[in-house]
Amino acid sequence: MDTKTTRRQLMGMMLLARMGSAQEACGSLPPIQTPKARAGSPNIVYILLDDTGFSDLHCYGSEVATPHMDALAAGGLQYNNFHCKAICSPTRAALLTGRNSHAVGMKELAGEDQGYAHSRGRVTPAAATAAQILGANGYSTYGVGKWHLVPGADMKASGARTHWPLQKGFDRWYGFLSGWTDQYRPDLFEDNHVVARPSRSEYHFSEDIVDKSIAMMGEHLAADRAKPFFLYVAFGATHAPVQVPRRYTDKYVATFAKGWDQIRQERYERQLALGVIPAGTKLPGRNAGDPAWSALSDEERAVNTRFMAAYAGFLEHTDEQIGRVVSYLKEQKLFENTAIFLMSDNGGAPEAGTKGGFLKPYGDQTPMKVMYERREEMGTPTTQPLYPRPWAAVSNTPFQMYKLWPYAGGVQTPFVFSWPAGVKKPGLRRQFVDVIDMTPTVLDIAGVAAPTVFGGVCQMPMQGKSIRATFDDAGARDPRDRQYYELWGSRGIWHDGWKAVGIHTPGTDFGKDRWELYHVAEDFSEAKDVAAAYPEKLEELKKLWWAEAEKNGALPLREAPAGRQRTYDQAIR
């Protein structure tokens, strides 16, 4: 035996002796505990659409073919009073944590730390995500798609991983980290590393992430079929760039040649017939600054028809991908005990203004003549479109305004829930529900308590409430009696069937903002401002907004950062 080998053996023996002495001093070490989910726990699937308005799904009144989402609604629950935040990152933070976005540090889009607790541009460790909590309670956790909960400086190979998906509780991740990416050549990350952009023809991001979802589920089932999983599928669709193979766009050109005014009216009438909106709901007039379809030239109408045809095709293509996920669950005999939460993060997007974006979604200056000549390229790899603002108003039928606003057009979106094993009375649900209620509902049906400490960090309480009571009781009470909203100074608050909205004009005193009042229990579409008739009620809600804002860390009020002000201006003017 050589000298080196002898030295290694002696060192090993000394180390074992020291370990034994430590165990004798402290007592025997406890066995390592592997967490196990409660027997029979459901699989959980979050499906998050992006910039998809209240009326865009066929079952909510649109002319777009969405049979797979419609089937989930028909066999489960379809909510018509679901609310989110007016922009993506806050909704995602609220969805995954069960807390209000300001409270967890995500006042607006993920980005740089703005120096206040509500705008750190990242989710505080005091608000563990659904993935972290479920993972600590015996679930496997998988995520694909759009993240947008990481500071901009960290969205690269050399960036800190602290707020990447794996560090926020996911066992596996595949997708992009920013707010949007090209659907044909996306910026991709897998787990904790960057991967090359796809170069194969016929590639599409939505198809890719569903391929990955199915592969992850397959690997999971092969390893431990009895273990439940949490799957988060966050599509880039229908956020800009609106990109889809041309065959999907072509089929809708004739439909949308009717124009945005007629399509909006038809959706409204269909919603009434379906019962998705209450009888007597009024359709507000065209939003200020949006042109009438009849005022456009023939060239403009041809281009704008193609914008919405591409958007509709993008949504139908997304529905097909959701159908693939559902089909796989059924093939594996998992569908019955899988709870699927399908929703959108905010209303239809107005950032391309009244002209739309063709070669790029934001700040595009492509002349109308060029768009007309190249209109058949809409949605193909040579363009990165975003439809013009009046089509966003159609997406948000029957509400006024769009994404970024505290009106229903910005914050009220589709929500479909499917869980055959847990829902015995399918149908329409009218309870006021907010995105912060999703994760508390998941913990409820999984039999998991929200932790008071996670990873050594004291946790803030869940601010959402479980909506489980609505599963079998269409008349169940609202899970909560209030919810506030705020983005870039504009505000809103709902309380017991009333809603107040305060609109901030950039550059002006917050104390001089114009406030409106809607009795939404009777005026579903927020069509009639009754502030003058009920001044005391308005003052009551304004005071309640300030109290809720203080409680949730939404103060101080701040306008959009300089880098986003131009986009904001285009969206509201």
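For the chain, the dipole from Cβ point charges (+1 on Lys and Arg, -1 on Asp and Glu) about the Cα centre works out to 1060 debye, to the nearest 20. Net length available on complete extension from residue 354 to residue 522 is 57.3 nm, with 0.36 nm assigned per residue and the Cα-Cα distance removed. Note that region 132-138 has calculated 3J(HN,Hα) couplings of 5, 5, 5, x, 7, 10, x Hz, one per residue in order, obtained from phi through the Karplus relation 6.51 cos²θ - 1.76 cosθ + 1.60 (θ = phi - 60°); glycine and proline are x. Placing R0 at 41 angstrom, the Cβ-Cβ distance between residue 424 and residue 496 gives a FRET efficiency of 0.90 after rounding to 0.05. Cα centroids of region 468-514 and region 400-417: 11 Å apart. Under the criterion of Cα pairs below 8 Å and six or more residues apart, the relative contact order for region 200-348 equals 38 percent.
Close amide H contacts of residue 49 (hydrogens built in the peptide plane, cut-off under 5 Å, sequence separation of 5 or more or a different chain): 343, 344, 345.
Evaluating 6.51 cos²θ - 1.76 cosθ + 1.60 at θ = phi - 60° for every residue in region 144-153, the Karplus couplings come out as 9, x, 9, 9, 6, 10, 10, x, x, 5 Hz, glycine and proline recorded as x. Out of all DSSP beta bridges in region 43-474, what portion is antiparallel? Express it as a percent rounded to 5. So the antiparallel bridges in region 43-474 amount to around 40 percent.
What FRET efficiency comes out for residue 444 versus residue 114 if R0 is 41 angstrom and r is the Cβ-Cβ distance? Round to the nearest 0.05. After rounding, the FRET efficiency stands at 0.75. Annotation: amide H-H contacts under 5 Å for residue 454 (H modelled 1.01 Å from N, sequence separation of 5 or more, or interchain): 459. Based on DSSP H segments of at least four residues, each scored -39500 (n - 2.57), the chain has a per-residue ellipticity at 222 nm of -10000 deg cm²/dmol. Short-range pairs are left out: with C-alpha atoms under 8 Å and at least six residues apart, the relative contact order of the chain is 21 percent. Only helices reaching 20 angstrom along their own axis (Cα) with mean Kyte-Doolittle hydropathy no lower than 0.0 count here, and for the DSSP H runs of the chain these are 205-223. Rg and Dmax, both from the Cα atoms of region 137-287 and both in Å, are 20.2, 56. Full extension of the chain between residue 380 and residue 246 yields a length gain of 47.6 nm, computed as 0.36 nm times the residue separation minus the alpha carbon distance.
Partner lysines whose Cα lies under 17 Å from the Cα of residue 369, excluding those fewer than 8 positions away in the same chain, are identified as 355, 360. Scalar couplings 3J(HN,Hα) for region 508-514, obtained by applying the Karplus form with A = 6.51, B = -1.76, C = 1.60 to θ = phi - 60°, are 10, 5, 4, x, 9, 4, 7 Hz; x denotes Gly and Pro. Put a dot 7 Å past the Cα of residue 221, heading toward its Cβ, do the same for residue 512, and the two dots end up 6.3 nm apart. Backbone amide hydrogens, once placed in the peptide plane, bring residue 429 within less than 5 Å of 78, 79, 80, excluding anything fewer than 5 places away on its chain.
Would you please classify the overall shape of region 49-126 from the alpha carbon gyration tensor, given that a ≥ b ≥ c denote the square roots of the eigenvalues, rounded means a/c under 1.5, and beyond that prolate means a/b larger than b/c while oblate covers the rest? Prolate shape, in that a/c is at least 1.5 and a/b is the bigger ratio. What does the C-alpha gyration tensor say about the overall shape of region 43-474? Classify as rounded when a/c is under 1.5, otherwise prolate if a/b is larger than b/c, or oblate. Prolate, because a/c is 1.5 or more and a/b exceeds b/c.
How high is the FRET efficiency between residue 197 and residue 288 when r is their beta carbon distance and R₀ equals 30 Å, given to the nearest 0.05? Calculated value: 0.15. Could you tell me which of rounded, prolate or oblate describes region 295-416, using a ≥ b ≥ c as the square roots of the eigenvalues of the alpha-carbon gyration tensor, with rounded for a/c under 1.5 and, failing that, prolate when a/b is larger than b/c and oblate otherwise? Oblate.
Values quoted throughout were computed directly from the atomic coordinates according to the rules given, and no laboratory measurement underlies them. The structure presented is a predicted model; accordingly, all values stated were derived computationally and were not measured. Cβ atoms come from the backbone with ideal geometry, glycine included; neighbour counts cover every protein chain shown.
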